[in-house]
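The values are calculated or read from the model by the stated rules, or taken from the named source; none is laboratory data. Here the structure is a predicted model, which is why all the values come from computation and not from measurement. Every residue, glycine among them, receives a Cβ derived from its backbone with ideal geometry; neighbour counts consider all protein chains shown.
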Amino acid sequence: MADDLRAQISTGRIRADECLPSEAQLASRYAVSTATLRSVLSVLQGEGLVEKIHGKGNFVRYPRRRITYVGGGHALRTESPVEPALRVSIRTTNLQAHGQLTGLLGVPAKSPLTEFLCLSHEGKSPHSLARIYVPRDLSPTDVPAESHCSKSVEAKLAELRPPTAEVRERVTARPPTPEEADILRISSALAVLAITRVAADRTGRVVEAALLVLPGDRADALFTTHHMTDERTSGE
């Protein structure tokens, strides 16, 4: 069954964005139980071929563009510069520091913060997720609710904050949380690349903490290290 559906998708007999028959119809067609069918669909979801949209059904996915996180550069970039930019929806929420956020930003509990929830889309499908937290006094008030480039959000944040002197990044491969799997429409069996980025100014104050989640079927992380040479040694 999995091989047959995989072949139909790869040959274009079932086209991208097309809804598969209902689970009852598929189970009847392949003479399998509902449990077996859902297991097969879970495998195809993990391979990035199918996505389940709650309340609508299982859809064939478009081949996903790879996205690269550029370490230290505060940027996500798609693999091909000629492809249309990913659309980014942005939700802004004022909240108080709690739990993990107090440690990341080095602030007391209940300190005023602003969260920017940024969800990028490729066509109709979610592509990556970022939660950006900044102290309230460094939060711009004119961030658009939707953008065609994540850099516009970064530019707005950079207008108010002092120059960044240090960026610390932690990269972890892990399963998605149930919320992340639901938002990104991915299988809970698909690993994600979770990046925690903390930026501080010259005084050591944390001016931004970002939690990024990139599905493992389309994510790379790029880090470049510049080594300083000793001019006295090289001149000898």
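Things worth noting here:
- Criterion violated by A24 - all others in (1) closer than 16 Å to R185 by Cβ; (2) hydrophobic (A, V, I, L, M, F, W, C); (3) in a helix (DSSP H, G or I) satisfied: (1)
- Scan segment 97-124 for residues that are surrounded by 17 or more Cβ atoms within 10 Å (Cβ to Cβ) and out of contact with any Ser or Thr (no Cβ under 7 Å at 6 or more places or on another chain) and the total you get is 6.
- Unique match (being crowded, with 17+ Cβ neighbours inside 10 Å, in the same structural domain as S89 (by TED's automatic domain parsing), closer than 22 Å to R87 by Cα and at pLDDT 85 or above) among V206, V198, V153, V213: V213
- Candidates A7, A75, A27, filtered to the one that is surrounded by fewer than 16 Cβ atoms within 10 Å (Cβ to Cβ) and at pLDDT 85 or above: A7
- Scope segment 27-55; condition assigned to a helix (DSSP H, G or I) and in contact with a helix residue (DSSP H, G or I) (Cβ under 6 Å, 6 or more places away or on another chain); matching residues: A27, T34, L37, V40, V43
- Scanning segment 78-121 for residues being part of a loop (DSSP other than H, G, I, E, B), farther than 21 Å from L212 by Cβ and at pLDDT 90 or above gives a total of 4.
- In segment 34-48, the residue that is surrounded by the fewest Cβ atoms within 10 Å (Cβ to Cβ) out of those that are more than 19 Å from D182 (Cα to Cα) and either at pLDDT below 85 or polar (S, T, N, Q) (or both) is T34.
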